[in-house]
1. If you take the residues in segment 59-78 that are under 14 Å from ASP124 (Cβ atoms) and assigned to a helix (DSSP H, G or I), which one is farthest from the chain's Cα centre (by Cα)?
2. Within segment 29-40, does at least one residue satisfy the condition of being hydrophobic (A, V, I, L, M, F, W, C) and in a helix (DSSP H, G or I)?
3. Could you give me the residue pairs with C-beta distances under 8 Å whose first residue belongs to segment 197-219 and is within 30 Å of GLU301 (Cβ to Cβ), whose second residue is aliphatic (A, V, I, L, M) wherever it lies, and which are 6+ apart or on separate chains?
4. Based on what the data block shows, is GLU331 assigned to a helix (DSSP H, G or I) and either out of contact with any His (no Cβ under 7 Å at 6 or more places or on another chain) or within 23 Å of LEU239 (Cβ to Cβ) (or both)?
5. Give the residues of segment 149-186 that are under 18 Å from the mean Cα position of the chain (by Cα) and basic (Lys, Arg), sorted by residue number.
6. For segment 55-65, what are the residues that are closer than 19 Å to PRO268 by Cβ and either open to solvent by 50 Å² or more (accessible area, probe 1.4 Å) or touching a His at 6+ places or on another chain (Cβ under 9 Å) (or both)?
7. Quick check on my filter: what residues within segment 12-44 are more than 26 Å from PHE170 (Cβ to Cβ) and not polar (S, T, N, Q)?
8. Can we say ARG308 is open to solvent by 70 Å² or more (accessible area, probe 1.4 Å) and modelled with pLDDT of 95 or more?
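The values are calculated or read from the model by the stated rules, or taken from the named source; none is laboratory data. Just so it is clear, the structure is predicted and the values come from calculations on it, not from any experiment. When we count neighbours, we look across all protein chains shown, and the Cβ atoms used for this are built from the backbone with ideal geometry, even at glycine. For the accessible areas, the whole protein counts, side chains as well, though only heavy atoms, and no ligand, DNA or RNA atoms are used. Shrake-Rupley method; radii C 1.70, N 1.55, O 1.52, S 1.80 Å.
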Amino acid sequence: MATFIDIHVLQTVPPSNLNRDDTGSPKSALYGGVRRARVSSQAWKRAARKAYEQSLERADVGYRTKRIVELMVARMQELQPDVDGDEARQRAEGVLKALGIKVTQPRAKKDASPDDAEPYPVSDYLIFFSTAQIDRLAELALDGDAGKTVSKKDAVAAADSDHGIEVGLFGRMVADNKELSVDAAVQVAHAISTHAVDIEQDYFTAVDDKNPEDESGAGMLGTIEFNSATIYRYATINLDGLFANLGDEQATVRAAQAFVHAFVSSMPTGKQNTFANRTVPDAAVIMVRAGQPVNLVGAFEDPVQPDRGLVAGSAAKLAEATRGVSSFVAEPELTLVVRGNDRAAALDELGVVATLAEAVERLAEPIRAAVSAPAPA
């Protein structure tokens, strides 16, 4: 039976615009008949990636980019400093061609001078490779003669091993070659507020420091939209899928622990310089579950009312929903509760209360137990 780590977070954010739509408005969603604040899953996945990059080795992380040729050439020149730049580029393009990945030459910038180097070719879409895979592709490109045609078998072998923690967690989709696709082991939900939220507008002005004394008025004026909310966030890790991607027990433990810590502690940086809105969660509930993951957003289908306090009311609803799902699924094998204030005390009865660092450390044993005998595909 597959094992999952479910991560539930309550976090209160002051006036902010964490994740905006194409018009600049904070993203929102209609849920339970009322308008909610929303932060997209992609925004929080990006924030988590940037957070764990600070604690992981470079070899554990990767690159999601169109500039694969540029990365390969740089690595080739590190491995073999005397390789000609044009030759390295041609070899890199040959390896990508063997993988079935098309690259095109971008247009030169309008202000480019004749002395500027020609830009590197880019792929048609973003592709995710681990650092180890970039190294293997570079080594393959350097192997043999410049005119040598790289076989598809060798190219795929180089690109489909040593996924690293990032590709192992988030997977990879390559439209031109399904052999390179990797199923994600992590799912992240869109975060929504536990209560109804209205979008507000801030009218602001800025004074010109060099205005003459006899000249009044603002040098600039404008408006910006924002909201504030107590947000429910959810993500889940498929430990068996993660182990299948990484093929190593210790790497699976490190990857899962790194993601749990990063997801709980991270925050998107949208308009952060404008609002200084960085907060820490009010509470996090981390569950190890067998069978299936469980998103508890249904706790807030009936929106929390502010008369009880949004954090206290949200924590009480989350605790109630956690108990309620036991009618459908087995109890979690382990529940860890991390909270920063007494307003979330209703969650204490769910499991062991710990700090985030302690909770992450306690996950190591159940992760090892889950992947030592992984579930059949």
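1. If we take residues in segment 59-78 being under 14 Å from ASP124 (Cβ atoms) and assigned to a helix (DSSP H, G or I), then VAL69 is farthest from the chain's Cα centre (by Cα).
2. No: segment 29-40 contains no residue that is hydrophobic (A, V, I, L, M, F, W, C) and in a helix (DSSP H, G or I).
3. Listed by first residue and then by second, the contacts come to VAL197/ALA37; VAL197/ALA229; GLN201/ILE224.
4. So GLU331 fails the test.
5. If the condition is that a residue be under 18 Å from the mean Cα position of the chain (by Cα) and basic (Lys, Arg), then ARG172 is the only one that fits.
6. SER55, ARG64
7. Residues satisfying the conditions are PRO14, PRO15, GLY24, LEU30, GLY32, GLY33, VAL34, ARG35.
8. So ARG308 does not fit the description; no.
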